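Worksheet: the structure to be examined is printed underneath.
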Amino acid sequence: MTMTKAIFDGKVYPAEQVVSDNPEYKEALKHTDQTMMELEKILEKSEYGMVEQVLDDQAIMSDCQNLEYFKCGLAIGMALREESEEMLKRLYGVGCNCGKATEENPV
């Protein structure tokens, strides 16, 4: 299966498949869980609901930002690949076949 097909078929979704092993992330997650449990004890139900809503909204904003970062990084990567192929053509009169699907190399 090509990466394009896997993405199109919804088989590649890093936000749900990748769990950070960064110690800073783990510490922040632990601290957030503890703080939320404390807030749930001391706030009224409606107040706690507002806190949850703010966190949900921040998660949505973060997801939107991450998508934009991904799209920008992908565009930069594609432009770099195109430029490198053009350089190879100019320098050696050949293109780069790396990463391209062929019958012998379906990638």
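The values are calculated or read from the model by the stated rules, or taken from the named source; none is laboratory data. Note that the structure is predicted; figures quoted are calculated from it, not measured. No Cβ is skipped: glycine too gets one built from the backbone with ideal geometry, and neighbour counts run over all protein chains shown. Surface areas here come from the heavy atoms of the whole protein model, side chains and all, with no ligands, DNA or RNA. Shrake-Rupley method; radii C 1.70, N 1.55, O 1.52, S 1.80 Å.
Answer yes or no as to whether Asp63 is touching a residue at least 12 places away in the same chain (Cβ under 8 Å), open to solvent by 80 Å² or more (accessible area, probe 1.4 Å) and either assigned to a helix (DSSP H, G or I) or not aliphatic (A, V, I, L, M) (or both). Judged against the criteria, Asp63 is a match.
In region 22-49, how many residues are hydrophobic (A, V, I, L, M, F, W, C), in a helix (DSSP H, G or I) and surrounded by 11 or more Cβ atoms within 10 Å (Cβ to Cβ)?
Residues meeting the conditions: 4.
No other residue among Val54, Val12 is at negative phi and not in a helix (DSSP H, G or I) apart from Val12.
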